[in-house]
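Student: Below are the structure tokens for one structure; questions will follow.
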Protein chains: 2
Amino acid sequence: MQPWKTLSRRTVLNYGRFLTVEEHTVELPDGRTIPRWPWIITPDYINVAAVTAAGAFLCFRQTKYAVKGTSLAPVGGHIEPGEAPLDAAQRELLEETGYEATLWTPLGQYAVNGNRGAGVAHLFLARGARRVTEPSGGDLEEQELLALSRSEVEAALDSGEFKVLAWATVMALALRHLEDQ
Amino acid sequence: MQPWKTLSRRTVLNYGRFLTVEEHTVELPDGRTIPRWPWIITPDYINVAAVTAAGAFLCFRQTKYAVKGTSLAPVGGHIEPGEAPLDAAQRELLEETGYEATLWTPLGQYAVNGNRGAGVAHLFLARGARRVTEPSGGDLEEQELLALSRSEVEAALDSGEFKVLAWATVMALALRHLEDQ
């Protein structure tokens, strides 16, 4: 199987680092070309399933512009330009919760949109989390920090209460990993 | 917790049904307004973890423009305008594999991007799948249909071989659901 080739690209919308849209001319393996393939550039991001030394899952109850009502959420945020995904994950855990974790496990990296890009989600499990400072906040959304038991997380995941795709993914993959221990 | 309010919206990029970008003026609960909040409109889609009566998982090995190399993939596709998510899931299963399934379980619906929209992913588990016709294909990507064992799916998921976010999500949630049986 051969990949598609990008023959040319041009920017058609530029909102800076949070959203740029390009139009690509793409060549398929059979020689056909697609002249106007939209390609979305948004920041790569991390999400972290963070578990304390006592086994509590650090989550938020929060609002989100694309979600009706409130949602449960893991730690997460954009990767800054030049920042390594793990560094971003550790920074966001500290900023959002005031916790540091001792054991970090990558749970994979995933294209957000297989056709149009829209960034890469880097997912992590962080264990042995302990509080070292106050959260520094700074996000625009209102959010409340919760410490959930594993069974509470499982029930919430299975009833769709993690309402953003990457949030459900990181929690499901973290639970799989913890089962293997 | 109060939701953000959309005060106004205007279209700033229009590629038809596959991509439209709007700019919203958003009011936060504390009264602040954000004047130029980009909002991405892409089609809602479905993914299906399909399991045959014999317990094999129907997956594809395929290329995808946003993914390096090949990826394992579940059944999936856009929801057509006016189509119910379950109808889309059943249509895509039949078109892509030639299979029909007897037992359908919703695994939730998830905003693809919590800040900017980018559609909603509707995920399903389909059991009792049996072949009733030839796949009708029609996708632009090359793909090869595979019947994987549960342990093969678990190993592939845990090593990141489902390389698109929703694909990892639907497989992880399906495996959770099957464990509860």
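Only the coordinates and a few stated rules stand behind these numbers; no lab work does. Only a predicted model underlies this, so the values are computations on that prediction, with no experimental measurement involved. Here the Cβ is made from the backbone with ideal geometry for all residues, glycine too, and neighbour counts use every protein chain on show.
Student: Could you please give the count of residues in segment A:91-114 that are buried (at least 20 other Cβ atoms within 10 Å of the Cβ) and free of Cβ contacts under 8 Å to residues at least 24 places away in the same chain?
Tutor: Here is the first cut: in segment A:91-114, the residues buried (at least 20 other Cβ atoms within 10 Å of the Cβ) are A:92-93, A:96-97, A:99, A:101, A:107-108, A:110-114.
After this cut, where a residue has to be free of Cβ contacts under 8 Å to residues at least 24 places away in the same chain as well, the list is A:111, A:114.
Total satisfying the criteria: 2.
Student: Right, here's the next one. Name the residues in segment B:99-155 that are out of contact with any His (no Cβ under 7 Å at 6 or more places or on another chain) and among the hydroxyl-bearing types (S, T, Y), would you?
Tutor: Hits for segment B:99-155 are B:Y99, B:T102, B:Y110, B:T133, B:S136, B:S149, B:S151.
Student: Of all residues in segment A:145-163, count the ones that are part of a loop (DSSP other than H, G, I, E, B) and within 23 Å of B:V112 (Cα to Cα).
Tutor: 5
Student: Mind counting the residues in segment A:60-105 that are touching a Phe, Trp or Tyr at 6+ places or on another chain (Cβ under 8 Å) and hydroxyl-bearing (S, T, Y)?
Tutor: Residues that pass the stated criteria total 4.
Student: Still on this structure, I have one more. Which of (1) facing chain B (nearest Cβ under 8 Å); (2) over 27 Å from B:Y110 (Cβ atoms); (3) out of contact with any strand residue (DSSP E or B) (no Cβ under 6 Å at 6 or more places or on another chain) is the odd one out, the single condition A:P81 does not satisfy?
Tutor: Status for A:P81: all satisfied but (1).
Student: Please list, ordered by residue number, the strands (runs of 3 or more DSSP E) wholly in segment A:20-74 having 2 or more residues that are within 15 Å of the chain's Cα centre (by Cα) and crowded, with 21+ Cβ neighbours inside 10 Å.
Tutor: Result: A:45-52, A:57-63, A:70-73.
Student: Oh, and also: How many residues does segment A:91-124 hold that are outside any strand (DSSP E or B) and more than 15 Å from A:A174 (Cα to Cα)?
Tutor: As a first pass, look at segment A:91-124 and keep what is outside any strand (DSSP E or B): A:91-98, A:101-102, A:114-116.
Keeping just the survivors that are more than 15 Å from A:A174 (Cα to Cα) gives A:91-98, A:102, A:114-116.
Final tally of qualifying residues: 12.
Student: Also, quick follow-up: If the requirement is being out of contact with any Lys or Arg (no Cβ under 9 Å at 6 or more places or on another chain), in contact (Cβ under 8 Å) with a residue 60 or more places away in the chain and more than 30 Å from A:S151 (Cα to Cα), which of these qualifies: A:G31, A:G117, A:G82?
Tutor: From the options A:G31, A:G117, A:G82, the qualifying one is A:G117.
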